[in-house]
Amino acid sequence: MYKPPRIESGAGAAKRLTDLPGPVLAVSMDLPWQVLQEQTAWEPAHVHMVTDMHRETLDALADMLPECDVVVGVGGGSCCDTAKYLAWKRGCRMVLVPTIVSVDAPFTNTIAMRIANAVTYVGDIHPEEIIIDYALIQRAPAHLNRAGAGDIASIHTALYDWRLAHEHTGESYDPAVADLARQCLAELDQNAREVYDVTPKGIDAIVDLYRREVEFCARINTSRPEEGSEHLVAYNLEHITRRHFVHGDLVALGIYLMTRLQCNNHEWAVDLMDRLGLRYRPPDTTPDEVRQCLATLKAFKDEQCLFFTVVDTEGISGAFIDDALAALYQ
């Protein structure tokens with residue numbers, strides 16, 4: 001059952017970590033840990049540096065890391081998800097300190113681990129304590145924080161696909177939840193400048209939108225209000241390239257391409273992404289990779305048994321791919 005997290009926000013909020021009782025296990029990565037230490041000198045009982053999110057790695061950590069009363073995740077999605085996994089396996093208290101707002105991992109109840117080079121969501125642990133330190137988050141590259149808007153902007157394409165699935169397959173659809181999702185999208189639009197500038201107001205906006213999105217998705221036990229064909233693009237590109245990308249970049253690319261396929265207010269969506277600073281032309285992908293992604297998207301979706309979307313109703317022709325790539329890279 002969903003439990004809303006207690007969120008403590010402010011400049012220097014991470015100093016509260018020094019008051020945690022009992023043995024504390026911190027999981028982080030070199031850069032976020034260094035940034036935290038520069039701001040708040042803190043020495044937990046043990047610190048583990050996250051290397052990867054493969055199932056074998058996480059299972060080994062759960063067995064080998066020392067016992068603790070509290071596990072603290074300091075960093076981005078992988079650090080927070082590792083902390084969630086350890087707390088879930090051990091049944092202990094958990095505190096998350098995202099040093100970047102690029103993904104909604106600190107707010108979700110599942111853990112994104114890799115099984116056979118594919119992202120698989122496991123576990124069920126709702127974060128109860130989240131510390132949002134503006135000073136820490138503002139130290140991260142601005143484009144990475146802006147990328148966090150991708151999983152809210154995706155509501156635009158996801159709602160189209162969710163309704164389409166309802167009409168074609170009878171999949172359950174909740175109009176009230178769809179309205180809540182649209183409200184989140186409208187608020188993202190209203191706060192686009194603050195998000196772009198990574199101001200405290202912009203950080204708070206993304207955090208609150210994440211919290212609300214996770215809550216209404218948990219209520220209906222599906223991520224359909226924010227996960228549609230745009231995420232299929234992201235998943236397939238990772239599958240094809242076997243590389244790790246900034247999630248928000250790939251989702252933004254998916255929004256760009258799928259709003260064209262959906263004939264779904266494409267110009268408005270692109271304008272919103274421009275104002276948010278979302279990089280829908282990911283700098284670490286090539287046109288040939290994007291072409292391959294589109295050409296194989298339906299086959300990938302079917303092979304992975306993923307959800308029904310516009311990809312199932314509109315053929316992705318060679319002409320569509322040519323036109324989309326010409327517009328994207330003009």
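Read-outs: derived from the displayed coordinates by stated rules, not from any lab. Since this is a predicted model, take the numbers as computed values, not measurements. Here the Cβ is made from the backbone with ideal geometry for all residues, glycine too, and neighbour counts use every protein chain on show.
How many nm is it between the label spots at ALA176 and HIS54, if each spot is 7 Å from the Cα in line with the beta carbon?
In this crude label model, ALA176 to HIS54 measures out at 4.6 nm.
For the Cα atoms of the chain, what angle does the longest principal axis make with the long axis of helix 175-190, in degrees from 0 to 90, nearest 10?
So the inclination is approximately 80 degrees.
Taking only Cα atoms, what is the 0 to 90° angle, nearest 10, from helix 318-328's long axis to the longest principal axis of the chain?
50
Over the chain, how many pairs of lysines fall under 22 Å by alpha carbon, counting only those 8 or more apart in sequence or from different chains?
4
For the pair GLU303/GLU289, report the inter-label distance in nm, with labels modelled 7 Å from Cα in the Cβ direction.
Label-label distance for GLU303 and GLU289, simple model: 1.7 nm.
Tell me the relative contact order for the chain as a rounded percent, counting alpha carbon contacts under 8 Å between residues six or more apart.
Worked out over the chain, it gives 16 percent.
To the nearest 20 Debye, how big is the dipole of the chain about its Cα centre, given +1 on the beta carbon of each Lys and Arg and -1 on that of each Asp and Glu?
Dipole about the Cα centre, nearest 20: 300 debye.
With a cut-off of 8 Å between alpha carbons and a minimum separation of six or more residues, what is the relative contact order of the stretch 211-330 in percent?
Normalised by residue count, the contact order of the stretch 211-330 is 26 percent.
For a Förster distance of 35 Å, can you work out the FRET efficiency between the beta-carbons of GLU128 and ARG193, rounded to the nearest 0.05?
0.65
Per-residue ellipticity at 222 nm for the chain, helices alone: DSSP H runs ≥ 4 residues times -39500 (n - 2.57), over residue total, nearest 500 deg cm²/dmol?
Using -39500 (n - 2.57) per qualifying helix, the result is -16000 deg cm²/dmol.
For the chain, find the longest principal axis of its Cα atoms and tell me its angle to the long axis of helix 200-220, 0 to 90°, nearest 10.
In the chain, helix 200-220 runs at an angle near 70 degrees to the longest axis.
Spelling out what I want: for every residue of the stretch 258-270, take phi, set θ = phi - 60°, compute 6.51 cos²θ - 1.76 cosθ + 1.60 (Karplus), and round to whole Hz; glycine and proline get x.
The phi angles translate into 6, 5, 5, 5, 7, 6, 10, 6, 4, 4, 5, 4, 5 Hz.
Considering the values (1) 114; (2) 122; (3) 131, which represents volume of the Cα convex hull per residue in Å³ as calculated for the structure under consideration?
(2)
Under the rule a/c < 1.5 gives rounded, and otherwise a/b versus b/c splits prolate from oblate, where does the stretch 6-140 land using the Cα gyration tensor?
Prolate.
Suppose every Lys and Arg Cβ carries +1 and every Asp and Glu Cβ carries -1, with no other charges. What dipole size does the stretch 143-328 come out with about its Cα centre, to the nearest 20 debye?
240
Please list, ordered by chain and number, the residues whose modelled amide H lies under 5 Å from the amide H of HIS48; skip anything fewer than 5 residues away on the same chain.
ALA26, VAL27, SER28
With the Cα gyration tensor of the stretch 143-328 giving a ≥ b ≥ c as the square roots of its eigenvalues, does the rule (a/c under 1.5 for rounded; else a/b larger than b/c for prolate; else oblate) give rounded, prolate or oblate?
oblate
Which chymotrypsin sites (Phe, Trp or Tyr not before Pro) does the stretch 232-330 hold that lie in a coil by DSSP with at most 13 other beta carbons within 10 Å?
Listed in order of number, the matching sites are TYR329.
So which trypsin sites (Lys or Arg not before Pro) in the stretch 288-318 are both in a DSSP loop and have at most 14 other Cβ atoms within 10 Å of their Cβ?
Here no trypsin sites (Lys or Arg not before Pro) fit, given the DSSP loop and packing criteria.
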